[in-house]
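The values are calculated or read from the model by the stated rules, or taken from the named source; none is laboratory data. Because the structure is a prediction, the values reported are computed rather than measured. Here Cβ is always computed from backbone atoms with ideal geometry, including for glycine, and neighbour counts include all displayed protein chains. Keep in mind that these areas ignore ligands, DNA and RNA; they rest on the heavy atoms of the full protein, side chains included. Shrake-Rupley method; radii C 1.70, N 1.55, O 1.52, S 1.80 Å.
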Amino acid sequence: MTKAYERLLKCYQCFKDKINFKPEVALVLGSGLGDYADTIRVEAVLDYHDIEGFPVSTVSGHKGRFVFGYVGDVPVVIMQGRVHYYEGYSMEDVVLPTRLMKMMGARVLFLTNASGSVNYDYKAGDFMMITDQISNFVPSPLIGPNEEMLGERFSDMSEIYRKDLCEIIRGAAQIPLQEGTYIQLSGPNFETPHEVKMCRILGGDAVGMSTACEAIAANHMGMKVCGISCISNLGCGMTDQPLSAEEVKETADRVAPLFKQLITESIVRIGKMI
Ligand code: HPA
């Protein structure tokens, strides 16, 4: 058994000792969405601090807990606060929560985030359904001894964001939805204008500092993945204004009510499919 898996089993045991709940959908909340978890029918809460060996986020404003409950009739586990590679965690740490949510029973992973557009057709406040990703600027979370209990050594990534889930989200959206490719860079600095240009040339539409690594770990384990990104700003150099974390937060907060509606409607419909 790999060390990573041993650690995961310990975290799972901690969860089992405290919580009696089997989620079907795992939802990761990005910037601006933190309080979504307070709007659902909550059954239980588990602070990351109370899980032995669990990585705890250092980002201010991120709560750091699992919320268990129901969106409509669908049992969900929500990550209120994720850990990021730029905080200094290893990729094993970053994807441990994703793996744990699979062990809890979740078959679908619903990823959300805020990102910068590198596509001139997008504007701040748009939503982009993620249809594919580029993750090569950060290490793969699958590097290291493969844990066969989780998945294969050489894992297929031809359809990380499942077409059937994308179709459900399209149907659920009552607002125009962009569709595109998400590029994960390490951060924590925002990109230079030429890095934004590079992302565009490579075929990216939005750039951010999370998500793709979690999607790889989930796909490796056979979870069905979908994701929506809130375009919080245009990439650096696409306007003549410098970029700030305040701008990202302001946009993410402004469109959060629409984002929450879209997530709820999507999960209710996904629940009917699984
Ligand atoms: N770049 C990287 N990550 C981000 C951005 C951006 O422009 N906006 C929100 N997250």
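Could you pull out every residue, at least 5 positions away or on a different chain, whose amide H is within less than 5 Å of the one on ILE134? Hs are placed 1.01 Å off N in the peptide plane, and Pro or chain starts have none.
For ILE134, whose amide H was placed from the backbone, the distant partners under 5 Å are TYR182, ILE183, GLN184.
State the percentage of accessible surface on the chain attributable to carbon and sulfur atoms; use a 1.4 Å probe and exclude ligands, DNA and RNA.
On the way: 6050 of 11950 Å².
Exposed carbon and sulfur together represent 51 percent of the surface.
Residues of the range 78-107 with amide nitrogen under 19 Å from the 7 Å Cα-to-Cβ point of ASP38?
Once the point is set 7 Å along Cα→Cβ of ASP38, 78-82 turn out to lie under 19 Å by backbone N, inside the range 78-107.
Assign unit charges at the C-beta atoms only (+1 for Lys and Arg, -1 for Asp and Glu), then state the dipole size of the chain relative to its Cα centre in Debye, rounded to the nearest 20. Before the final figure, lay out the partial values.
Numbers: 26 positive and 34 negative charges, 117 e Å.
It works out to roughly 560 debye.
Whole-Hz ³J(HN,Hα) for each residue in the range 79-87, computed from phi via Karplus 6.51 cos²θ - 1.76 cosθ + 1.60 with θ = phi - 60°, x for glycine and proline: what do you get?
With the stated coefficients, the range 79-87 comes to 8, 9, x, 10, 9, 10, 4, 5, 6 Hz.
Name the residues whose placed amide hydrogens come within less than 5 Å of the amide hydrogen of GLU43, ignoring near sequence neighbours (fewer than 5 apart) on the same chain.
For GLU43, whose amide H was placed from the backbone, the distant partners under 5 Å are PHE68, GLY69, TYR70.
Report SER117's accessible area, 1.4 Å probe, all protein chains in place, as a number in Å² to the nearest 10.
Per-residue accessible area (SER117): approximately 0 Å².
Can you flag which of LYS163/LYS272; LYS197/LYS224; LYS63/LYS197; LYS63/LYS163 are past 22 Å Cα-Cα?
Beyond 22 Å between Cα atoms: LYS197/LYS224; LYS63/LYS197; LYS63/LYS163.
Could you give the accessible area per residue of the chain, probe 1.4 Å, as a whole number in Å²? It would help to have the intermediate numbers written out before the result.
Values: 11950 Å² over 274 residues.
Accessible area per residue: 44 Å².
As I understand it, the dipole of the chain uses +1 on the Cβ of Lys and Arg and -1 on the Cβ of Asp and Glu, about the Cα centre. Which of HIS220, PRO141, ILE270 lies farthest toward its positive end?
Sorting the options by dipole projection puts first ILE270.
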